[in-house]
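The values are calculated or read from the model by the stated rules, or taken from the named source; none is laboratory data. All of these numbers come straight from a predicted model, not from anything done at the bench. So basically every Cβ, Gly included, is an ideal-geometry build from the backbone, and we count neighbours across all protein chains shown.
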Amino acid sequence: MSIETIPTIDPRTGEQTGSVPCTPIADIPSRIERARTAQADWADLDLHTRKRAISALHQGFLQKAEAIAASLAEDCGRPAGEAWTAEIVANHELFGWWLAHIDDLLTATPIDLNPINYPGKEGRVRLDPKGLIGLITPWNLPVAIPLRTIIPALLAGNGVVWKPSEHTPKTSDVLGALFDEHLPQDLVQLIQGPGAHGAAVVDSSMDTIIFTGSVKTGRIVQLKAAERGIPCALELGGKDAAVVLDDADIDRAAHGITWAAFGFAGQNCAAVERCFVHASVFDRFVAEVQSRTEALRAGIDVGPLVTEAQLKTVQRHLDDALSRGASIVCGGGDVGPGYFHPPTVLTQVPPDALVMKEETFGPLLPIVSFEDPNALAELVNDTPFGLTTSVWTKNVAYGEALSEQFDCGVVTINNHSFSGALASAAWGGTKDTGHGVTNSRFALYEMTRPRTIVVDRSKQREMWWYPYNDALAKVTLGLVELSRSGGNRLPALGQVVAGLMRRWKE
């Protein structure tokens, strides 16, 4: 890749269709300084004014919906159904939720102060913006993932320096133009370019880093952030499991898991990449999934892999599984045109196959039989990741109880992965998935810092001030005696009162 331009590749054909200018690396420091200046002015605005600007951005987003869908098709090969549901409608709801709830979420909370111990005092804790958010996002959901951070970050008073994936530059340009049109100049800085540009952002004067991507790169980002003494939030992938119990609605489970495995061509950190099915319903479930998978239409229901490298990863995982004795139920076969790979269902997959161990991020679905529900925790947790797990059962209470054994950040009963689109639901995981949270009030904690404000209208000398004398000793010992189990309360109370009176007179 030239340092001056990013080639735009249509994954539906594998052909280059043009190029997008890179941000000159030499310009990044000055862009960051301009963003910092813009952020300070933005944070000084009242929340109502910031909301008005984000409302205008929301309307601009809706006006550009067709252009966004078109850029997603060109950058990602995204089928229209996925573009509109996951990247347009879901983000419309995202804007709406944050605009409706941000006042309450940023309202200062009172400090609990005992009026006897702390007379004349009141206090509150408010959430202040951290300042500049360094945001690095991937290519699989190039609209939804950045907006999940950018919208609340801006409403909270931050500025954003955003480095998107170099594999989706057209979509990033469309969003960048919207920010420039509807927000104060320089408040959101779009940095277009390859990995070196992301490194330049991480190495600069950010106040926090929010990163979504690979484990390897995420760990580098974490080390760099630690060297600079700044916090970072990471989401680094998943190896999600779906568990189908013997009492599940097989038709619904097969329908939902087929979508969750092959939606976005499997390029979703929450995709079902391992499916464990009770032996008593295994054959029926596999037959239902096979029927639904064979009905999927390339380019309409399932798009291509976004990059050639990802296509090679899928092929490598499939070849490895077959070499270890796995069987193809449907799919496999020739790839193409472009980076298309047939949605592929596998059975008889051994536990040490790559497709059971590593994140595939592609349209492969291994289905494994189990008999003992007590062994499910070991099967589900046998992965370095911990993002989401779903349980499919008519006995919801049992499904919830079973899910308590799974080491993950999100559990869904009788559905899978859609909660990532819910602005009010926390999205995050455990283990190598990382420690960041997007969506919900918890996401604000990644981009704000608490400020405690205490006001004291008392004119009395505080009990804990100098001098440290016998009167102070009487008060403190009396307070302890009052709280002791079996303590002699009446003499202790008298000791406290006498000590306080003496203390105040001194």
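So here's what we get for this one:
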read-out: Residue in the stretch 246-261 that is touching a residue at least 40 places away in the same chain (Cβ under 8 Å), assigned by TED's automatic domain parsing to the domain that holds Pro146 and touching a Leu at 6+ places or on another chain (Cβ under 8 Å) present; value: no
read-out: Filtered residues of the stretch 333-347 (kept if more than 18 Å from Val272 (Cβ to Cβ) and not hydroxyl-bearing (Ser, Thr, Tyr)); value: Gly333, Asp334, Val335, Gly336, Pro337, Gly338, Phe340
read-out: Residues located in the stretch 431-455, provided they are β-branched (Val, Ile, Thr) and surrounded by fewer than 16 Cβ atoms within 10 Å (Cβ to Cβ); value: Thr452, Ile453, Val454, Val455
read-out: Residue in the stretch 306-320 that is in contact with a Ser or Thr (Cβ under 6 Å, 6 or more places away or on another chain), among the basic types (Lys, Arg) and touching a residue at least 12 places away in the same chain (Cβ under 8 Å) present; value: no
read-out: Val454 vs. criteria of a type in the set (Val, Ile, Thr) and modelled with pLDDT under 90; value: no
read-out: When residues of the stretch 107-130 are limited to those that are surrounded by 20 or more Cβ atoms within 10 Å (Cβ to Cβ) and out of contact with any Gly (no Cβ under 6 Å at 6 or more places or on another chain), the one nearest to Ala65 (Cα to Cα); value: Lys130
read-out: Residues within the stretch 488-500 that are at pLDDT below 85 and either among the hydroxyl-bearing types (Ser, Thr, Tyr) or exposed (fewer than 13 other Cβ atoms within 10 Å of the Cβ) (or both), tallied; value: 1
read-out: Single residue of the stretch 204-221 satisfying the filter (touching a strand residue (DSSP E or B) at 6+ places or on another chain (Cβ under 9 Å) and hydrophobic (A, V, I, L, M, F, W, C)) that is surrounded by the fewest Cβ atoms within 10 Å (Cβ to Cβ); value: Val215
read-out: Close pairs (6 angstrom Cβ cut-off, 6 or more residues apart or separate chains): more than 18 Å from Lys239 (Cβ to Cβ) in the stretch 406-422, among the aromatic types (Phe, Trp, Tyr) anywhere; value: Asn414/Trp392
read-out: All positions within the stretch 228-286 that are of a type in the set (Asp, Glu) and either within 22 Å of Asn381 (Cα to Cα) or outside any loop (DSSP other than H, G, I, E, B) (or both); value: Glu235, Asp240, Asp246, Asp251, Glu273, Asp283
read-out: Test for Arg449: is it within 30 Å of Leu127 (Cα to Cα), of a type in the set (Lys, Arg) and not in a helix (DSSP H, G or I); value: yes
read-out: Qualifying position, being among the aliphatic types (A, V, I, L, M), within 18 Å of Phe262 (Cβ to Cβ) and surrounded by 18 or more Cβ atoms within 10 Å (Cβ to Cβ), among Val349, Val335, Val380; value: Val349
read-out: One residue from Pro169, Pro142 being buried (at least 24 other Cβ atoms within 10 Å of the Cβ) and either more than 20 Å from the chain's Cα centre (by Cα) or of a type in the set (Phe, Trp, Tyr) (or both); value: Pro169
